[in-house]
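J.: Have a look at this one before I ask anything.
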Amino acid sequence: MSALNGFAPHAGACVAQGPEGRAVRDLQAKKAGQAARQGAGDSRELTPEEPPRAGCSAPGTPKLPAGELRGSAGITSITPRPPRKPRLERAASLDEKSWRRWRRLKTSQESLSDAHESSSSNGSLQDAGPGPAAAGRAAPSERSSSPDGPDASPAGKSRGNAAELGKRVCELSSSFGELLRGRALAGSKPRLSQVTPARPLPPVELNVASRALRTANRIDADCLDYRRHRGLGRVSSSSSDSRLHGGGMVCDGGSTDSMKSTFSLLAPIRAKDVRSRSYLEGSLLANGALLGAEELSRYFPDRNVGIFVATWNMQGQKELPVNLDDFLLPTDPDYAQDMYVIGVQEGCPDRREWEIRLQETLGPHYVMLCSAAHGVLYMSVFIRRDLIWFCSEVEYATVTTRIVSQIKTKGALGICFTFFGTSFLFITSHFTSGDSKVNERKMDYSKTIQALALPKNVPDTNPYRSSSSDVTTRFDEVFWFGDFNFRLNKDREAVDSILKQNLEKDMSKLLEYDQLISEMSRGSIFKGFQEADIHFRPSYKFDIGKDSYDTTSKQRTPSYTDRVVYRSRHKDDIHALKYSSCPGIRTSDHRPVFALFRVKVRPGRDNIPLAAGQFDRELYLIGIKRRITRELKKRQEQKDQKNSSVCSIS
């Protein structure tokens, strides 16, 4: 059977059925496709005309004679595409959902791959067809090679819609993947130029943690046991020091800083340190020792502690001051001290009440480490509650200097302990009174240094520099304070005339007549001790409740009877920061005198008997309860004062 341009010789006849008919139809479709390609070139948008269905001619197709068919062989048959607006609106909504689903999947990946890898992560939609460019090129050939076109049946139309949707999703995902890499797509808008900083950026440290953003505990550079890891690696899921993980795990310094500044103020402790360290006995300066250099540097980077030392002769008065803030918490220093040591002579009858008042004033940050008494001599030692673990057992001893020992108004009381590796001795004394009894006072001093039996169980930190005849040589830091009763060798009128000169802080004219300064310069008392410069008025003798000196018939001479002196085994270990009196407390004929010190502390051993955090818990609870009650009462009074009204009758 002859055929011209894929059509039967008789245009009006139907194509035969059976195998020969199928062969004829295949030949006709092939020739029609070749004619379309020759006429349209490489156009990807043109599609060949659909072949007629089996058994009959295509409906609506004009019947032409064979001559006219030969003439029309060079003409390309083009079938226009159907309107795509409804299909685009449907595809847009589906693309938006696919885009959200793709974005969630993309953000969960650690790194971006190239364009082909990013498009492959879109699942079955990309597996169903090739990339966007390849799909565009393959579309005409697939339509021409398929015996049943996309418009052949409703099922074919649905498959065409799904394929078109998959191709659009692939195009969008591939385009967005390349945009993330900064690649310019063909036919897309050009990329923005890179922003160049106006000035060079500051160098970035290896440790990515920002010191400016850390507001919690400062880890010091000399803390060798917990040095930051200087390498940058993948951040571990555990926020701890890299040295705590072991050999195989890597951690950067940022996670360590985050843990120390966010979770706790305490430094982390390695498990092997807990296994090896002993809190009761250890080697000197060993790593992990409770009293060693590591712990000391962590709590005191400059290895200096602040100590408040005060003395007050209360004259046995039952009445206590309403407020002790000006006494214990002066406004000059910005910060409270680490230790508070208060010695009292001729103390009030209710010693417990006095201690409660001290605890109430200092508040919950401090606990009473020790309290001792010798007759009417009292001494109380308060320390910050987080430092009680670094103190040894506290020991005390007493000495009576009065001939009649039953009357314990004159004598000395000493308390000693070791803080880290530094031993402390605090002595409060009440020497013999009287203007002319200088020798008796020197005898009181000599008896005290010989008879005060300290230390008892706490080992001496430097026994080679100790003396059995002087208790002050057996400790690193010694503070001696009390009512020494040394007077001014001048009559009352002369002293009053000097005080009326408005000396302000220059008391040198009065101190020229001071008995204690004269005896210390001769070396007859307080050998090796120092005293800070005096810039306050004499602390004795006042009229009770007034700022005037003695107006009774005895007319006692104002004097510096209440003093604080100190000595150290090592030069420049003790620095006096402030030495003053408290003129606001007028319940006694003596004014309280206090001194602030900065004391150097050294690391020590773990072989000393520790106090193990012991303190007066009952006193602590009572003092805090009173503090809260006082505050609530004060607020209630202020509230009542606001609500009250004053009525006036005219």
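Each value in this text was obtained by applying a stated rule to the coordinates, not by laboratory testing. Bear in mind that the values here come from a model prediction, so they are computed numbers and not experimental data. Cβ sites come from the backbone with ideal geometry, for glycine too, and all protein chains shown count toward neighbours.
J.: Can you pull the semi-axes for segment 412-521, root of five times each eigenvalue of the Cα gyration tensor, sorted largest first, whole Å?
T.: Values: eigenvalues 241, 51, 23 Å².
Sorted largest first and rounded, they come to 35, 16, 11 Å.
J.: Grab the Cα-Cα distance for D325 and R586, subtract it from 0.36 nm times how many residues apart they are, and report the gain in nm with one decimal.
T.: 92.6 nm
J.: With r as the distance between the Cβ atoms of N462 and Q194 and R0 = 51 Å, compute the FRET efficiency 1/(1 + (r/R0)^6) and round to 0.05.
T.: On the way: r = 68 Å, r/R0 = 1.33.
The formula returns an efficiency of 0.15 here.
J.: From the gyration tensor of the Cα coordinates in segment 293-627, what semi-axes in whole Å does the equivalent ellipsoid have, largest first, with each one equal to sqrt(5λ)?
T.: Values: eigenvalues 192, 105, 76 Å².
Semi-axes from the Cα gyration tensor: 31, 23, 19 Å.
J.: Using 0.36 nm times the number of residues separating D547 and T629, minus their current alpha carbon distance, what extension gain do you get?
T.: This chain segment gains 26.4 nm when fully extended.
J.: Could you compute the FRET efficiency for I622 and Q317, with r as their C-beta to C-beta distance and R0 at 30 Å, rounded to 0.05?
T.: Approximately 0.85, to the nearest 0.05.
J.: Taking the Cα-to-Cβ direction at D640 and at R522 and moving 7 Å from each Cα, how far apart do the two end points lie in nm?
T.: 6.1
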